[in-house]
Amino acid sequence: MAGYDHQTIERKWQAYWDGHHTFRAPNPGDADFDGTRPKLYVLDMFPYPSGEGLHVGHPVGYIGSDIFARFQRMRGYNVLHPMGFDAFGLPAEQYAVETGIHPRVTTERNVANFQRQLKAFGLSYDWTRTFATIDPDYYRWTQWIFLRLFESWFDPDERRARPIAVLIGDLEEGRRHADGAPWASLDAAARRRFLDGKRLAYLDEVMVNWCPALGTVLANEEVTRDGRSDRGDHPVYRRPLRQWMLRITEYADRLLQDLDLLEWPESVKVMQRNWIGRSDGAVIRFPVAGSDASIEVFTTRPDTVFGATYMVLAPEHPLGDALAREAWPEATNPSWTGGNPDPMRALSAYRAAAARKSEVERQAESKEKTGVFTGTFCVNPVNGEHIPVFVADYVLMGYGTGAIMAVPGQDERDWEFAEQFDLPIVRTVEPLAGFSGKAYLGEGAAINSGFLDGLDVASAKRKIIEWLVANACGEATVSYKLRDWLFSRQRYWGEPIPILHGPDGELRALTDAELPLLLPEIDDYRPAASDDENADPVPALARVDESWRHVEIGGVRYERELNTMPQWAGSCWYYLRFADPANPDALVGTEAERYWMGEHGVDLYVGGVEHAVLHLLYARFWHKVLFDLGHVSTPEPFGRLFNQGYILADAYQDSRGVYVPAEKVEERDGAFWFDGEPVERSHGKMGKSLKNSVSPDDFFAEYGMDTLRLYEMFMGPLDTSKPWTTRDIVGIVRFLQRLWRSLIDPETDLALVSDEPAVPELRRLLHRTIKAVTEDMAALRFNTAVARFFELNNALVGVDRVPREVAEAFVLMLAPMAPHVAEELWERLGHQPSIAYVPWPEYDPELAREETVTMVVQVNGKVRDRIEVSPEIGESEARSLALASERVQVYLSGEPDKVIVRAPTLVNVVVR
RNA sequence: GCGGGUGUAGCCGAAUUGGCAUAGGCGCCGGACUUAGGAUCCGGUGGGCGCAAGCCCGAUGUGGGUUCGAGUCCCACCGCCCGCACCA
């Protein structure tokens with residue numbers, strides 16, 4: 001007599017699944033593995049378990065992928081559906097700094113809480129495969145991959161990574177030379193330097209955002225607009241530092257091209273293409289007047305070189321100092337000097353000012369161009385003209401060669417600068433008629449360009465490149481926005497980098513047998529902070545015991561690398577480990593990798609669009625390296641990507657603009673009140689910051705997780721953001737209660753179904769529903785699938801006893817979305833649990849088809865009549881039926897001008 | 001500024017190839033059963049006329065176009081969301 005008791009049912013079935021390992025997916029080689037079934041790898045982007053836990057907005061994607069996984073299990077797939085935790089990284093460490101509790105302790109606590117919450121959502125993960133990135137058994141292999149990067153180089157001929165031993169062999173046997181020098185002619189140090197410069201993981205001096213107060217370098221995203229640290233508001237300085245880098249740029253073209261292999265949202269592909277930023281152009285060398293030096297520029301418009309009227313170097317360009325003259329040339333325009341007595345001082349003042357600004361800041365104040373003259377001129381190689389060289393911060397050191405030829409006639413930025421500094425402007429492309437703007441970027445014939453005159457842009461490019469090559473002052477080239485990946489962090493809570501530093505800068509990798517290199521214990525997690533902007537960064541691991549930091553091998557004293565890996569490292573390859581999580585001998589066994597990753601890699605990867613670039617690009621890069629080295633069998637890790645939308649919710653702010661807890665706000669007379677005060681309603685992503693979260697624990701108590709799953713899927717398409725509306729939940733509650741009442745006898749609490757066949761009308765509806773739901777599920781259109789459930793359910797309302805054939809098919813269809821209640825009903829219908837692997841109901845196409853079709857009869861496109869016809873009706877019959885209709889006759893005076901027949905659905909009678 | 005997406009009822013949203021616009025849910029209105037209902041059930045829900053059967057009209061951000069026929073295709077514009085932003 002209890003009715004539908006969601007709490008009891010959900011606890012019961014979650015315990016059952018847990019106890020029976022219902023969702024354990026056997027691996028090839030396991031006794032219960034069935035190799036005749038096709039595989040399907042359904043993966044969620046794994047979470048970083050924060051201290052706050054989950055709210056009901058978090059699991060939308062998890063629920064969607066779970067439904068798909070459950071659906072495909074019932075359709076006969078071996079489904080791999082794992083979950084784990086990304087647990088290294090700043091938040092845990094920051095918390096440790098504040099509380100003194102070891103990050104491992106808080107992280108493990110958070111992981112346990114997340115796992116409890118995820119299980120409460122009824123997600124069908126194979127928990128026997130779970131792990132966290134902080135497990136030494138896992139990060140051992142993260143370090144192992146790093147060593148493969150360190151011990152590999154990119155062979156430009158084969159366009160792939162190969163072991164560095166191959167390169168050494170080639171060098172020793174003379175098949176290759178080291179930058180032109182025979183290998184035998186180099187001493188040991190030179191050979192080492194050459195090889196270290198070829199590795200995919202290498203050390204290099206790069207510009208970083210250094211925050212002495214926090215004692216670490218910061219990612220660009222961690223630096224505010226005005227060049228301060230996001231956390232703590234401390235000053236951030238740009239300075240060069242020697243850091244570990246990963247040579248992702250070698251893979252730029254393959255990362256770009258292979259996007260075409262992927263079934264990903266177009267927006268994500270576009271973001272990756274933009275991030276990689278390939279542009280085809282040319283380098284051109286401009287000789288410095290009165291010197292042997294030359295300035296190399298990159299341009300996408302070599303055809304406009306006749307219009308280059310000045311040059312610009314980025315402030316950090318190494319040639320700047322060498323070029324600055326001791327005195328201003330005669331008659332130098334006063335606006336070019338920045339008010340300085342000589343170019344040297346002008347340059348150093350300008351560079352100092354630029355260095356103080358962050359990259360973000362430099363780009364933010366783009367209203368007015370700034371710069372100074374170096375006092376030096378270059379010679380335009382095509383026409384011999386002397387053109388002045390400036391240093392200006394609108395040119396970035398990080399792109400191209402860090403220097404440009406300025407062509408104001410065809411470049412808006414250059415035009416602006418030219419106006420500002422009174423420089424000549426020469427058009428070299430004839431603007432199309434009617435053009436009235438400044439710089440002209442369009443198509444047109446070359447003018448003022450000597451031997452290029454009259455050519456269109458593309459032809460002019462081809463011709464000038466030929467000329468540049470012939471005259472040895474340039475060639476075609478490709479430039480990318482993508483930079484190599486800065487891989488060092490000075491933080492504690494990350495994977496130690498398994499490298500030893502020997503005397504004279506020798507780098508020595510740990511052997512595979514020495515892995516994992518455990519993260520040593522430490523008393524004080526705080527990064528070494530300083531008020532001195534010139535203080536050198538001190539990694540947290542520098543405070544570890546001397547006995548760890550120094551290693552002696554063969555009488556040589558080595559020092560351990562003290563930087564750790566960035567948070568991205570662990571998430572770069574976790575999908576591979578899930579295929580074979582306990583393998584002690586390899587990151588993933590060959591057979592397991594071939595089976596689960598076969599063909600398209602992960603078959604469905606669900607996660608937020610916020611990882612569109614970094615995580616997905618880094619993971620693709622590592623995967624390609626592993627592919628090149630033969631450790632994985634597919635060129636891409638994630639064949640299909642799906643971005644779920646966010647759950648939005650109303651948020652409320654008081655008169656000070658402070659967010660107040662949304663669940664305590666009351667609505668009266670169209671206004672909103674909190675604690676007696678009026679508050680303003682707004683709208684945003686559900687979360688802690690807007691104080692509009694809904695707790696899953698509360699939701700479970702009141703409605704249950706089946707209701708949550710159905711509700712979140714019914715709200716709208718999975719890939720759009722949708723507002724949470726508490727009021728709407730009752731629709732789902734009614735649905736489940738109605739279904740329960742239809743199938744369960746309130747007297748006995750047992751299922752009460754009829755073994756009589758369903759009446760034809762109901763049977764037809766059932767088969768139409770199965771057809772529609774099957775298609776919706778396969779296409780992740782869960783919102784319309786739920787609508788179909790409602791329709792079928794509504795049809796059962798008047799039925800005295802629901803026929804078993806309908807009841808069972810309905811429960812089976814419901815199982816992926818509302819698994820707990822489906823298991824319960826399935827059991828009460830007299831079956832052994834579990835429903836999870838019971839075959840998905842089939843539909844009879846005959847029955848799924850409509851028995852009669854409503855044929856619409858239009859006159860001039862307006863509906864005038866509807867006639868019930870057989871779906872098999874022929875064209876001529878449909879035509880005569882339509883013309884015979886009285887309602888059509890009214891509009892006809894004689895013969896219609898035209899009759900369009902689309903049997904059996906539509907006839908359109910045209911009368912002029 | 002550039003790129004991607006999006007705009008349908010009071011609200012969330014449906015709509016194979018261009019072919020009955022608005023499925024389903026919420027809300028709202030009316031009714032039934034009830035001591036009661038915020039439970040449950042039934043009916044209605046773009047506008048106008050009509051007691052009713054029914055009839056007429058309008059509508060997919062705006063304005064054009066193609067077509068027998070446009071939410072869907074094309075052009076221009078407007079709003080909103082997201083990404084990138086001096087990338088030479």
**OP:** Out of A:286, A:298, report the one residue that is away from RNA strand B (no atom under 12 Å from the Cβ), under 18 Å from residue A:411 (Cβ atoms) and more than 12 Å from the chain's Cα centre (by Cα).
**Re:** A:286
Original post:
Would you call residue A:876 surrounded by fewer than 12 Cβ atoms within 10 Å (Cβ to Cβ) and over 29 Å from residue A:764 (Cβ atoms)?
Top reply: no
Original post:
Is it fair to say residue A:523 is part of a loop (DSSP other than H, G, I, E, B) and over 21 Å from residue A:242 (Cα atoms)?
Top reply: yes
**OP:** Working only within region A:48-77, note down all residues that are small (Gly, Ala, Ser), in a loop (DSSP other than H, G, I, E, B) and either over 23 Å from residue A:570 (Cα atoms) or touching a strand residue (DSSP E or B) at 6+ places or on another chain (Cβ under 9 Å) (or both).
**Re:** A:57, A:76
**OP:** Mind telling me which of the residues A:153, A:183 ends up being over 19 Å from residue A:494 (Cα atoms), of a type outside the set (Lys, Arg) and within 27 Å of the chain's Cα centre (by Cα)?
**Re:** A:153
Original post:
Where in region A:753-816 are there helices (runs of 4 or more DSSP H), lying wholly inside it, with at least 1 residues that are within 9 Å of RNA strand B (Cβ to nearest atom) and of a type outside the set (D, E, K, R)?
Top reply: A:782-796
**OP:** Inspect all residues belonging to region A:452-469 and state whether any of them is within 15 Å of RNA strand B (Cβ to nearest atom) and in a strand (DSSP E or B).
**Re:** no
Subject >> Candidates A:912, A:866, A:887, A:879, filtered to the one that is part of a loop (DSSP other than H, G, I, E, B) and of a type outside the set (Ser, Thr, Tyr) >> reply: A:912
Original post:
Failed condition for residue A:33, given (1) closer than 21 Å to residue A:607 by Cα; (2) surrounded by fewer than 21 Cβ atoms within 10 Å (Cβ to Cβ); (3) aromatic (Phe, Trp, Tyr), with all others met?
Top reply: (1)
**OP:** Scan A:719, A:728, A:749 and give me the residue that is exposed (fewer than 15 other Cβ atoms within 10 Å of the Cβ) and within 12 Å of RNA strand B (Cβ to nearest atom).
**Re:** A:728
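Mind checking which residues of region A:651-687 are of a type in the set (Val, Ile, Thr) and exposed (fewer than 12 other Cβ atoms within 10 Å of the Cβ)?
Selection gives A:658 alone.
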**OP:** Report yes if residue A:439 is more than 21 Å from residue A:384 (Cβ to Cβ) and in contact with a helix residue (DSSP H, G or I) (Cβ under 6 Å, 6 or more places away or on another chain), otherwise no.
**Re:** yes
Subject >> Cβ pairs under 9 Å, 6+ apart, first in region A:895-912 and of a type in the set (Asp, Glu), second surrounded by fewer than 19 Cβ atoms within 10 Å (Cβ to Cβ) and not in a loop (DSSP other than H, G, I, E, B) >> reply: A:897/A:910
Subject >> Condition check for residue A:135: under 26 Å from the mean Cα position of the chain (by Cα) and under 22 Å from residue A:605 (Cα atoms) >> reply: no
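On the basis of being within 13 Å of RNA strand B (Cβ to nearest atom) and either in a loop (DSSP other than H, G, I, E, B) or under 30 Å from residue A:608 (Cβ atoms) (or both), does residue A:680 make the cut? First the steps, then the outcome.
Numbers: within 13 Å of RNA strand B (Cβ to nearest atom): no; either in a loop (DSSP other than H, G, I, E, B) or under 30 Å from residue A:608 (Cβ atoms) (or both): yes.
No, not satisfied.
Looking at region A:374-406 only, could you name the residues that are outside any loop (DSSP other than H, G, I, E, B) and away from RNA strand B (no atom under 16 Å from the Cβ)?
Answer for region A:374-406, where residues must be outside any loop (DSSP other than H, G, I, E, B) and away from RNA strand B (no atom under 16 Å from the Cβ): A:374, A:375, A:376, A:377, A:379, A:386, A:388.
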Subject >> Selection status of residue A:864, within 11 Å of RNA strand B (Cβ to nearest atom), modelled with pLDDT of 80 or more and among the charged types (D, E, K, R) >> reply: yes
**OP:** Provide a single number: the residues in region A:727-756 that are touching a residue at least 24 places away in the same chain (Cβ under 8 Å) and of a type in the set (Ser, Thr, Tyr).
**Re:** 2
Original post:
Which of the residues belonging to region A:817-830 are in a loop (DSSP other than H, G, I, E, B) and at pLDDT 95 or above?
Top reply: A:817, A:818
**OP:** Pick out the one residue from A:197, A:277, A:215, A:174 that is on the phi > 0 side of the Ramachandran plot and free of Cβ contacts under 8 Å to residues at least 60 places away in the same chain.
**Re:** A:174
Original post:
List pairs: first in region A:259-272 and free of Cβ contacts under 8 Å to residues at least 24 places away in the same chain and more than 13 Å from residue A:639 (Cα to Cα), second in a loop (DSSP other than H, G, I, E, B) and not small (Gly, Ala, Ser), Cβ under 8 Å, 6+ apart or cross-chain?
Top reply: none
**OP:** Determine if region A:258-277 includes at least one residue that is of a type in the set (D, E, K, R), within 14 Å of RNA strand B (Cβ to nearest atom), more than 30 Å from residue A:625 (Cα to Cα) and crowded, with 16+ Cβ neighbours inside 10 Å.
**Re:** no
Original post:
Any idea how many residues of region A:592-622 are closer than 24 Å to residue A:276 by Cβ and surrounded by fewer than 20 Cβ atoms within 10 Å (Cβ to Cβ)?
Top reply: 8
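The values are calculated or read from the model by the stated rules, or taken from the named source; none is laboratory data. Not measured: the values here are computed from a predicted model. Cβ atoms come from the backbone with ideal geometry, glycine included; neighbour counts cover every protein chain shown.
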